[in-house]
Amino acid sequence: QKEVEQNSGPLSVPEGAIASLNCTYSDRVSQSFFWYRQYSGKSPELIMSIYSNGDKEDGRFTAQLNKASQYVSLLIRDSQPSDSATYLCAVPEGGGYNKLIFGAGTRLAVHP
Amino acid sequence: EAQVTQNPRYLITVTGKKLTVTCSQNMNHEYMSWYRQDPGLGLRQIYYSMNVEVTDKGDVPEGYKVSRKEKRNFPLILESPSPNQTSLYFCASSLVPGGSQPQHFGDGTRLSIL
């Protein structure tokens, strides 16, 4: 069973700060990586995908991928209380597309 | 509106009483899957379906059945529910398999098996 590991948190940051969320994965052949956001009691929604080493920016969100270190992160700039949620890292198993393996998620709390 | 619809949203039932959770999507997606979410364990895939009449086991298929007779529907069947199947269940669909496209999730079904 391939693994996706995340720190469960909670990660507490003040409003306006940068929140940094980390994820490591065990499958070296993985080619695509996803970040989902899940508000309490709601379903997950995709917020970022990244396929190449380096950074990918989308608004206040930046995904960073380092395949050599098997590490993917999500940075949230200018954090807002509305960003308070659980962030799930997801990686297709075996580099293929039959199955997504989700991490257990990191709970982020942004306080005013 | 593009959506994945699950029913029921909440269900409390007893051990051994067969139940079905329905899932329907209106996006003409080929790929559908079922997950369960438990505290500290994240989302774990139960079953997935690549297309009509094509289903396969995920990581935790024991105690569950699925069928895919129509493209839009993918029901989850618990033939003889047990308390360890108490969980939050999500159905998801995507245009293509797995993770290359966003997975659209239903609102979830919270099952309690007494």
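The values are calculated or read from the model by the stated rules, or taken from the named source; none is laboratory data. Source: prediction; values computed, not measured. Ideal geometry is used to build each Cβ from the backbone, glycine not excepted, and the neighbour counts take in all protein chains shown. Heads up: the accessible areas ignore ligands, DNA and RNA and are worked out on the full protein's heavy atoms, side chains in. Shrake-Rupley method; radii C 1.70, N 1.55, O 1.52, S 1.80 Å.
Quick one: net charge around B:Gly108, please, counting Lys, Arg +1 and Asp, Glu -1 for every other residue with C-beta under 9 Å from its C-beta.
Around B:Gly108, the charge tally is +2.
Quote the Stokes-Einstein diffusion coefficient, in whole µm² s⁻¹, for the protein assembly as shown, based on the Kirkwood radius over alpha carbon pairs, a temperature of 20 °C and a viscosity of 1.002 mPa s. Translational diffusion coefficient: 119 µm²/s. Take B:22-34, B:70-82, A:48-60 and order them by the average number of nearby Cβ atoms within 10 Å per residue, most first; the result is B:22-34, B:70-82, A:48-60. With a cut-off of 15 Å between beta carbons, the residues surrounding B:Phe90 carry a summed charge of +3, where Lys and Arg count +1 and Asp and Glu -1. Placing +1 on the Cβ of every Lys and Arg and -1 on the Cβ of every Asp and Glu, with no other charges, gives chain A a dipole of roughly 160 debye about its Cα centre.
In this calculation the C-beta distance from B:Tyr10 to A:Asn7 is compared with R0 = 25 Å, giving a FRET efficiency of 0.20. Summing charges over neighbours of B:Leu11, with a neighbour being any other residue whose Cβ is under 13 Å away from its Cβ, gives +4 when K and R count +1 and D and E count -1.
With both labels modelled 7 Å from their Cα along Cα-to-Cβ, the B:Thr22 to B:Asn51 distance reads 2.6 nm. Using a Gaussian network model of chain B in which every pair of alpha carbons under 10 angstrom is joined by a spring, one finds that among B:Tyr48, B:Tyr35, B:Tyr64 the greatest mean-square fluctuation is at B:Tyr64. Calculated FRET efficiency, A:Glu15 and B:Glu62, Cβ-Cβ r, R0 45 Å, to nearest 0.05? Computed FRET efficiency for A:Glu15 and B:Glu62 comes out at 0.50.
Which value, in debye to the nearest 20, gives the size of the charge dipole of the protein assembly as shown about its Cα centre, when Lys and Arg are +1 and Asp and Glu are -1 at the Cβ?
Around 520 debye, computed over the protein assembly as shown.
Entry comment: accessible area of chain A is 46 Å² per residue, from protein heavy atoms only and a probe of 1.4 Å.
With the Kirkwood sum run over all distinct C-alpha pairs, chain A has a hydrodynamic radius of 13.9 Å. A cut-off of 5 Å between modelled amide H atoms, ignoring neighbours fewer than 5 places along the same chain, links B:Gln3 with B:Asn26, B:Met27. Here the 3J(HN,Hα) profile of the stretch A:6-17, calculated from phi with Karplus coefficients 6.51, -1.76 and 1.60 at θ = phi - 60°, is 9, 6, 6, x, x, 9, 10, 10, x, 3, x, 7 Hz, Gly and Pro shown as x.
Rg and Dmax, both from the Cα atoms of the stretch A:28-71 and both in Å, are 11.9, 35.
Once the convex hull of all Cα atoms in the stretch B:1-87 is built, its volume per residue stands at 99 Å³. Taking Cα centre as origin and charging only the Cβ of basic (Lys, Arg, +1) and acidic (Asp, Glu, -1) residues, the dipole magnitude of the stretch A:50-112 rounds to 140 debye.
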